[in-house]
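The values are calculated or read from the model by the stated rules, or taken from the named source; none is laboratory data. Everything numeric in this text was worked out from a predicted model, so none of it was measured. Quick reminder, even Gly has a Cβ in these numbers, built from the backbone with ideal geometry, and neighbours come from all protein chains shown.
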Amino acid sequence: MASSSPATTFLRSSPPYNHRSTTIKCTSSQVPTTTLDNNSHAKQPSLKPFTAKYVPFNAVTDESHSLDEIVYRSSTGGLLDVQHDMEALKQFDGKYWRNLFDSRVGRTVWPYGSGVWSKKEWVLPEIHDDDIVSTFEGNSNLFWAERYGKQNMKGMNDLWVKHCGISHTGSFKDLGMTVLVSQVNRLRKMGKHLVGVGCASTGDTSAALSAYCAAAGIPSIVFLPANKISMAQLVQPIANGAFVLSLDTDFDGCMKLIREITSETPIYLANSLNSLRLEGQKTAAIEILQQFDWEVPDWVIIPGGNLGNIYAFYKGFKMCQELGLVDKIPRLVCAQAANANPLYLHYKSGWQNFTPITATTTFASAIQIGDPVSIDRAVYALKNSNGIVEEATEEELMNEMAAADLTGMFVCPHTGVALVALKKLRESGVIGKHDKTVVVSTAHGLKFTQAKIDYHSNAIEGMNCKFANPPVEVKAEYGAVMDVLTKYLNKAS
Ligand SMILES: Cc1ncc(COP(=O)(O)O)c(C=O)c1O
């Protein structure tokens with residue numbers, strides 16, 4: 001949908017968190033009064049305003065909480081979910097929403113140029129634009145993995161990799177953190193006593209939290225398991241000025257501590273137990289549909305650890321179906337490292353009683369989690385999307401990561417886990433050659449260079465690094481260089 005107004009008047013002209021809100025009139029014949037400003041429709045007295053609140057996750061109860069309350073769990077200790085007033089959103093049809101979202105892509109209009117805030121009405125409808133803390137996250141590349149699909153996935157021709165890790169802090173966590181930190185910014189401006197924001201992290205959450213807090217001038221406190229995250233991940237919160245605690249435990253131990261500490265102090269909890277983050281993360285699912293011109297893929301494969309993201313994707317797809325943007329949702333696959341596979345074991349048991357495990361070391365370090373906070377959310381998402389859970393061993397995930405890199409990508413080990421899941425489902429014939437399939441790449445490969453260096457140096461004990469490509473050490477002399485080059489060229493031809 002084209003805008004009829006000149007864009008220049010809508011550019012942010014003052015500092016990010018103090019600008020005036022802006023409005024663009026759209027030309028849609030569907031809804032004559034549509035504007036890019038989400039509040040405009042509420043000015044029409046006959047229309048219900050868009051609102052959202054916390055409710056207990058998947059429970060029949062009257063309990064609800066304002067999003068301005070500081071609450072992470074329901075009164076019975078269960079998970080919370082952000083529930084939107086769907087009746088208010090249904091005042092507009094699917095075509096209206098598709099057009100509105102499409103009209104905002106790639107713009108500089110604050111805050112709608114962000115892939116998250118372009119869906120503001122479905123995310124945090126009541127927040128004022130001035131309170132939003134955004135780095136214009138989202139709008140990530142949906143890469144057609146043509147060569148990889150044909151070569152490595154038995155002739156697949158409709159395989160796509162959603163590069164959520166090519167983003168501000170190098171992982172999909174930016175999508176959720178912009179929402180959470182924006183809400184904290186709002187609460188602090190409202191006078192709520194919050195001295196900072198804290199999280200436990202396997203690396204990427206702390207990087208995103210620190211960056212967004214630094215952008216807004218809010219203190220951040222991060223709990224990291226010592227020696228279990230990559231150097232690139234560790235340096236991010238350090239550089240962004242977070243208070244970094246390196247703890248002699250694993251992620252689950254850090255999580256337990258941060259939950260205790262945030263319940264005793266005015267530090268806001270930023271882990272994905274906090275359902276606000278999932279509101280941002282769900283926009284990646286909407287964005288995939290948008291990038292396919294609202295055609296629904298058959299499969300979406302997501303690496304899972306704490307298991308918030310798999311539910312976020314489900315929620316994004318489901319909202320699009322319920323609000324008439326599409327008529328079905330994809331089947332979801334959650335991919336786990338075999339060394340951190342509690343969901344896989346639960347799935348294999350036919351969803352019998354869930355048992356947490358002690359996760360052991362994996363190159364997919366961000367998903368080394370044995371007691372996932374969002375287990376109930378993940379099971380719900382998988383059951384309601386006819387979903388599947390797969391697992392990948394260390395050798396499988398590292399070889400698949402390297403195989404993808406050989407076709408021009410540079411993916412992280414978590415993406416390797418998801419690619420192994422795809423491979424297994426292709427080999428068993430569950431995923432067909434022509435199925436439209438999206439693999440979600442959750443972090444940038446540059447965060448995991450040490451793992452790649454070890455792999456290509458053949459330095460991983462007990463691993464057959466099938467695609468290792470170590471540099472050839474050669475004397476800086478014409479003859480010596482020609483010798484090795486000739487051998488290489490003969491082999492290649
Ligand atoms: C790179 C990466 N991939 C996957 C995940 C798993 O996401 P979730 O914990 O929501 O399952 C994480 C979470 O830390 C991550 O950082």
- In this structure, does ILE132 turn out to be surrounded by 24 or more Cβ atoms within 10 Å (Cβ to Cβ) and either under 13 Å from ASN240 (Cβ atoms) or touching a Gly at 6+ places or on another chain (Cβ under 7 Å) (or both)? no
- Note on the structure: Restricting attention to segment 168-178, the residues that are within 14 Å of the ligand (Cβ to nearest atom) and either touching a Phe, Trp or Tyr at 6+ places or on another chain (Cβ under 7 Å) or among the β-branched types (Val, Ile, Thr) (or both) number exactly 2
- Find the residue count for segment 377-388, including only residues that are surrounded by fewer than 23 Cβ atoms within 10 Å (Cβ to Cβ) and either hydrophobic (A, V, I, L, M, F, W, C) or at positive phi (or both). 3
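Quick one: in segment 318-342, of everything that is away from the ligand (no atom under 16 Å from the Cβ) and of a type in the set (A, V, I, L, M, F, W, C), which residue is surrounded by the most Cβ atoms within 10 Å (Cβ to Cβ)?
CYS320
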- Message: Report every pair of residues separated by at least 6 positions or lying on different chains whose Cβ atoms are under 9 Å apart, first residue within segment 346-375 and in contact (Cβ under 8 Å) with a residue 12 or more places away in the chain, second away from the ligand (no atom under 15 Å from the Cβ) and among the hydroxyl-bearing types (Ser, Thr, Tyr).
- Response: HIS346/THR355; THR355/SER349; PHE363/TYR455; GLN368/THR360; GLN368/THR361; GLY370/THR358; GLY370/THR360; ASP371/THR358
- Message: Just the residues that are touching a Lys or Arg at 6+ places or on another chain (Cβ under 9 Å) and surrounded by 19 or more Cβ atoms within 10 Å (Cβ to Cβ), please, taken from segment 230-250.
- Response: SER230, GLN233, GLN236, ASP250
- Message: What pairs come out if I take residues in segment 150-172 that are at positive phi and pair them with residues that are within 12 Å of the ligand (Cβ to nearest atom) and of a type in the set (D, E, K, R) whose C-beta lies under 6 Å away, six or more apart or interchain?
- Response: GLY170/LYS447
- Item | Inter-residue pairs, beta-carbon under 7 Å, first farther than 14 Å from MET190 by Cα and in segment 60-71, second surrounded by 11 or more Cβ atoms within 10 Å (Cβ to Cβ) and aromatic (Phe, Trp, Tyr), 6+ apart | SER64/TYR54; HIS65/TYR54; VAL71/TYR54
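Being part of a loop (DSSP other than H, G, I, E, B) and either out of contact with any Ser or Thr (no Cβ under 7 Å at 6 or more places or on another chain) or buried (at least 23 other Cβ atoms within 10 Å of the Cβ) (or both) is the filter here; which residues of segment 157-166 pass it? Before you say what the answer is, go through the steps one by one.
If we filter segment 157-166 for residues that are part of a loop (DSSP other than H, G, I, E, B), which is where we start, we get 157-158, 164-166.
ASN157, CYS164, GLY165 - these are the residues of segment 157-166 that are part of a loop (DSSP other than H, G, I, E, B) and either out of contact with any Ser or Thr (no Cβ under 7 Å at 6 or more places or on another chain) or buried (at least 23 other Cβ atoms within 10 Å of the Cβ) (or both).
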- Task: Scan segment 168-192 residue by residue and report those that are surrounded by 23 or more Cβ atoms within 10 Å (Cβ to Cβ) and assigned to a loop (DSSP other than H, G, I, E, B).
- Result: THR169, GLY170, PHE172
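If I go through segment 225-275 residue by residue, how many of them are of a type in the set (Lys, Arg) and more than 19 Å from THR358 (Cβ to Cβ)?
From segment 225-275, those of a type in the set (Lys, Arg) are 228, 256, 259; that's our starting set.
Keeping just the survivors that are more than 19 Å from THR358 (Cβ to Cβ) gives none.
Qualifying residue count, segment 225-275: 0.
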- Query: Looking at ILE286, is it of a type in the set (Val, Ile, Thr) and within 12 Å of the ligand (Cβ to nearest atom)?
  - Reply: no
- Query: Just for segment 179-201: of the residues that are among the β-branched types (Val, Ile, Thr) and more than 16 Å from the ligand (Cβ to nearest atom), which one is farthest from the chain's Cα centre (by Cα)?
  - Reply: VAL195
- Message: If TYR314 meets every condition in (1) assigned to a loop (DSSP other than H, G, I, E, B); (2) within 14 Å of the ligand (Cβ to nearest atom) apart from one, which number is that one?
- Response: (1)
- Among the residues of segment 285-301, is there at least one that is within 26 Å of TYR54 (Cα to Cα), modelled with pLDDT of 95 or more and aromatic (Phe, Trp, Tyr)? no
- Message: Filter segment 317-341 down to the residues that are part of a helix (DSSP H, G or I) and either within 18 Å of the chain's Cα centre (by Cα) or under 13 Å from THR283 (Cβ atoms) (or both) and list them by number.
- Response: PHE317, LYS318, MET319, CYS320
